[in-house]
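Asks: A single structure is presented below for examination.
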Amino acid sequence: MLSTPILLDYQSSTPCSKDVVDSMQPFWSEIFSNPASKSNLAGINASAILEVSREKIEQNLFLKNKKVIFTSGATESNNLALLGFARNYYKKTGNYGHIITLKTEHKAVLEPLNQLKKEGFMVTEINPENDGLISEDQFKKNIREDTFMVSIMLANNEIGVIQPIKNISKICKSRGITFHSDFAQCLGYIKLDNLLSDVNMITMSSHKIYGPKGIGLLLIDEEINLEPLIVGGGQEYGLRSGTLPLPLVVGFAKAIEIAVFNQKNNAEKLLLCRNNLLDGLLENNSGLLINGSMEKRLPHNLNLTVLDLNGAKFHKLLKSKIICSSGSACSNGEPSHVLLALGRSFKEAESSIRLSIGLSTNLKDIEQAIYILTNTIRSLR
Ligand SMILES: Cc1ncc(COP(=O)(O)O)c(C=O)c1O
């Protein structure tokens, strides 16, 4: 039997790639000055490296008329975009307007929106269709005279479904509504094309794309105004004060470069593994339900409900053999709000599994995962 478990949880996080680690190396103890200390040469040098990294990101993502704001990760980027934009809107207009989101968003979107509700804003959470996708008609029906902001993610972290962001952005634009989207799970896995210019505020995270943990991005249209969440020295256009971690900035810029360059090849490789995994599981097991659309889906995600067994026992037995997720890594052990929104029962949500494939996963790992999962399911039925 296997001594080390098979890792199929790469949507929770990815290891830093060697090239990324190498790129960060000089910035821990050789070039360590504060990029904001522009009164000395060492600080000026650090500041130049920071700005070169920012430009590199702009070039690799083909950004036009967008500000690149470094944050600590996607959670902070979502908070800054949603709280910052809504509070600025209230400051300008004196109105608590209306915001639209999707029930299946990450908690890093839903919780800031809950905070805004407490402050007086109105929030509509649209239920997706059974395949996890938003209905554009439903979306249009929920737009009100006072809707000023929409937040809908590009790809879901649990079920991997890819929302029709292009069309949502068109509708938002035609109504003068500012559109935010959480892209934390997308860069390097799907082609982003013009989506980066279609969306007004975009969240990204480094540790999902083989970059270091503790750094993320918020991209905003140049004319967008936000109330900062962190005030102090006025770094990052006054929107996010605090000394930036230069090694992480450099590493993130490198990770973006690699992710964009290899996107097509990586997606093909991940898709092959994911499709083999799905086919093998369906061939050997009855009573499996696929969660979310298979057509509009990230190449490295699979989410299944295993019927007719005890979910807690299933995950307990798997623990030492396969590292995977029973829902969202951030769900605190509660049944996944995403699966419940798709119409799964509590029991079904508990016996569901997210398997996410990484760049070092090979077909042998997939074969073994099919074997382990099949035996575990049989032993519990
Ligand atoms: C869609 C999505 N948004 C936000 C986050 C939070 O990201 P971070 O860990 O960078 O704060 C995650 C992480 O799981 C995610 O998948």
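The values are calculated or read from the model by the stated rules, or taken from the named source; none is laboratory data. Everything quoted here is computed from the prediction, not taken from an experiment. Cβ placement follows ideal geometry from the backbone for every residue including glycine, while neighbour counts extend to all protein chains displayed.
Asks: Ala36 fails exactly one of the following numbered conditions: (1) buried (at least 20 other Cβ atoms within 10 Å of the Cβ); (2) on the phi < 0 side of the Ramachandran plot. What is the number of that condition?
Replies: It is condition (1) that Ala36 fails.
Asks: Take the stretch 80-112 and flag every residue that is touching a strand residue (DSSP E or B) at 6+ places or on another chain (Cβ under 7 Å), crowded, with 22+ Cβ neighbours inside 10 Å and part of a helix (DSSP H, G or I).
Replies: Leu80, Ala81, Leu82, Phe85, Ala86, Val109, listed by residue number.
Asks: Oh, and also: Give the stretch 174-185 a look and list any residue that's over 20 Å from Pro299 (Cα atoms) and within 14 Å of the ligand (Cβ to nearest atom), or say none. Spell out the reasoning first.
Replies: Our first condition is that a residue be over 20 Å from Pro299 (Cα atoms); within the stretch 174-185, this holds for 174-180.
Result: His180, single match.
Asks: What number of residues in the stretch 294-324 are within 10 Å of Ser356 (Cβ to Cβ) and among the polar types (S, T, N, Q)?
Replies: 2
Asks: Just a yes or no: is a residue in the stretch 21-32 within 23 Å of Ile230 (Cα to Cα) and surrounded by 14 or more Cβ atoms within 10 Å (Cβ to Cβ)?
Replies: There is no residue in the stretch 21-32 that is within 23 Å of Ile230 (Cα to Cα) and surrounded by 14 or more Cβ atoms within 10 Å (Cβ to Cβ).
Asks: Kindly establish whether Gly188 is within 16 Å of the ligand (Cβ to nearest atom), on the phi > 0 side of the Ramachandran plot and either under 14 Å from the mean Cα position of the chain (by Cα) or aliphatic (A, V, I, L, M) (or both).
Replies: Working: within 16 Å of the ligand (Cβ to nearest atom): yes; on the phi > 0 side of the Ramachandran plot: yes; either under 14 Å from the mean Cα position of the chain (by Cα) or aliphatic (A, V, I, L, M) (or both): yes.
In short, yes.
Asks: All but one of (1) within 16 Å of the ligand (Cβ to nearest atom); (2) part of a helix (DSSP H, G or I); (3) out of contact with any Phe, Trp or Tyr (no Cβ under 9 Å at 6 or more places or on another chain) hold for Glu55; which doesn't?
Replies: (1)
Asks: Does at least one position in the stretch 66-74 carry a residue that is assigned to a helix (DSSP H, G or I), within 16 Å of the ligand (Cβ to nearest atom), buried (at least 16 other Cβ atoms within 10 Å of the Cβ) and assigned by TED's automatic domain parsing to the domain that holds Leu219? Spell out the reasoning first.
Replies: Of the residues in the stretch 66-74, the ones assigned to a helix (DSSP H, G or I) are 74.
Remaining after also requiring within 16 Å of the ligand (Cβ to nearest atom): 74.
After this cut, where a residue has to be buried (at least 16 other Cβ atoms within 10 Å of the Cβ) as well, the list is 74.
Okay, now just the ones that are also assigned by TED's automatic domain parsing to the domain that holds Leu219, so 74.
Taking every residue of the stretch 66-74 in turn, at least one turns out to be assigned to a helix (DSSP H, G or I), within 16 Å of the ligand (Cβ to nearest atom), buried (at least 16 other Cβ atoms within 10 Å of the Cβ) and assigned by TED's automatic domain parsing to the domain that holds Leu219.
Asks: Quick check on Leu8: is it touching a residue at least 12 places away in the same chain (Cβ under 8 Å) and within 13 Å of the ligand (Cβ to nearest atom)? Don't jump to the end; show me each part of the working.
Replies: Working: touching a residue at least 12 places away in the same chain (Cβ under 8 Å): yes; within 13 Å of the ligand (Cβ to nearest atom): no.
So Leu8 fails the test.
Asks: Still on this structure: Would the stretch 258-273 turn up any residue that is touching a helix residue (DSSP H, G or I) at 6+ places or on another chain (Cβ under 8 Å), within 16 Å of the ligand (Cβ to nearest atom), under 30 Å from Asp365 (Cα atoms) and of a type in the set (Val, Ile, Thr)?
Replies: no
Asks: Could you identify the single residue in Ile162, Ile171, Ile152 that is surrounded by fewer than 24 Cβ atoms within 10 Å (Cβ to Cβ) and within 16 Å of the ligand (Cβ to nearest atom)? I'd like the intermediate steps shown before the answer.
Replies: On the way: Ile171 fails: within 16 Å of the ligand (Cβ to nearest atom); Ile152 fails: surrounded by fewer than 24 Cβ atoms within 10 Å (Cβ to Cβ).
Unique residue meeting the criteria: Ile162.
Asks: Taking the stretch 351-381 on its own, how many of its residues are buried (at least 22 other Cβ atoms within 10 Å of the Cβ) and within 11 Å of Leu307 (Cα to Cα)?
Replies: Final tally of qualifying residues: 3.
Asks: Hey, could you check the stretch 191-213 for residues that are more than 11 Å from the ligand (Cβ to nearest atom) and among the polar types (S, T, N, Q) and say which is surrounded by the fewest Cβ atoms within 10 Å (Cβ to Cβ)?
Replies: Asn194
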